[in-house]
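Trainee: This structure is in C-alpha cells; I'll ask about it shortly.
The values are calculated or read from the model by the stated rules, or taken from the named source; none is laboratory data. Bear in mind that the values here come from a model prediction, so they are computed numbers and not experimental data. Please note: Cβ atoms are built from the backbone with ideal geometry, for glycine as well, and neighbour counts cover all protein chains shown.
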Amino acid sequence: MSDLLAKLKAGSLNSKDIPWPGTEDTLVRMRVYNDNDHLKATLATDKVITNVTMSNVERYNAELYTQLLYLVITDLDNKPVGTITDFRTLLTPEIKKILIDLLDALHEECSPDPENMTSEEFDLLLNDVKKNAEETVLSISNIFTLRKLVLSLVLNQKK
C-alpha cells in the first residue's frame, strides 16, 4: 500500500508533532480536521459572533480559524491546550498565520488535490484502486480525487 493511500485512509487520525511557533522546545500535536471539527468550530464561532454582516465577516472567519485550530492542536498526550480563552491568548496574528499554514500543509500532505499530485503519486493510487477498489475508494474523502480516478479508469478501459 502506498504511503499516500495510508494517509488517505487514516483521515483525521493523521497528525504531526510540531514546535509551537517561536519556540523549539514546546511541542504540540496537530491533526487533520474532519467535517465534525468544522461543524463544532462553526457552531462555537456562531456563539461568539451572533450576527455576521459584511463589516464583520473577516472577524467571523478569523474566529472560525481560531476555533478550528483549538480543536486540532493538542498537547502530546492529546489533551486540549487549556480552554479556548487560554488558547486565544497564545495566538498572535503571526503565530496564527504560521499555524494555519502548517494545517494547510498537513491537509495537502494527507489528502492532496489531484491536480497537484505528481503523476507517480497518482499512478500509485490508481494501482491501489485496481488491487483493492472497494477499500481504497471508501477511504478517499476528496471528491476531486475520486472524480480523477474514475475518469482515468474509464479512459484506460476504453483503450
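Trainee: For residues in region 17-35 being modelled with pLDDT under 90 and surrounded by fewer than 11 Cβ atoms within 10 Å (Cβ to Cβ), which is farthest from residue 95 (Cα to Cα)?
Mentor: Per the criteria, the residue is 35.
Trainee: At pLDDT 90 or above, assigned to a helix (DSSP H, G or I) and loosely packed, with under 14 Cβ neighbours inside 10 Å: is that true of residue 43 in this structure?
Mentor: Yes.
Trainee: Please find, among 4, 8, 103, 13, the residue that is surrounded by fewer than 17 Cβ atoms within 10 Å (Cβ to Cβ), under 15 Å from the mean Cα position of the chain (by Cα) and modelled with pLDDT under 95.
Mentor: The conditions single out 13.
Trainee: With the structure loaded, tell me whether residue 121 is outside the structural domain of residue 31 (by TED's automatic domain parsing), in a helix (DSSP H, G or I) and at negative phi or whether it fails that test.
Mentor: For residue 121, the condition - outside the structural domain of residue 31 (by TED's automatic domain parsing), in a helix (DSSP H, G or I) and at negative phi - is met.
Trainee: In region 95-128, what count of residues is obtained for those that are charged (D, E, K, R) and in contact with a Gly (Cβ under 8 Å, 6 or more places away or on another chain)?
Mentor: Of the residues in that region, 0 qualify.
Trainee: Taking region 62-100 as the search range and keeping residues that are touching a strand residue (DSSP E or B) at 6+ places or on another chain (Cβ under 7 Å) and assigned to a loop (DSSP other than H, G, I, E, B), which one is surrounded by the most Cβ atoms within 10 Å (Cβ to Cβ)?
Mentor: Only one residue fits best here, namely 81.
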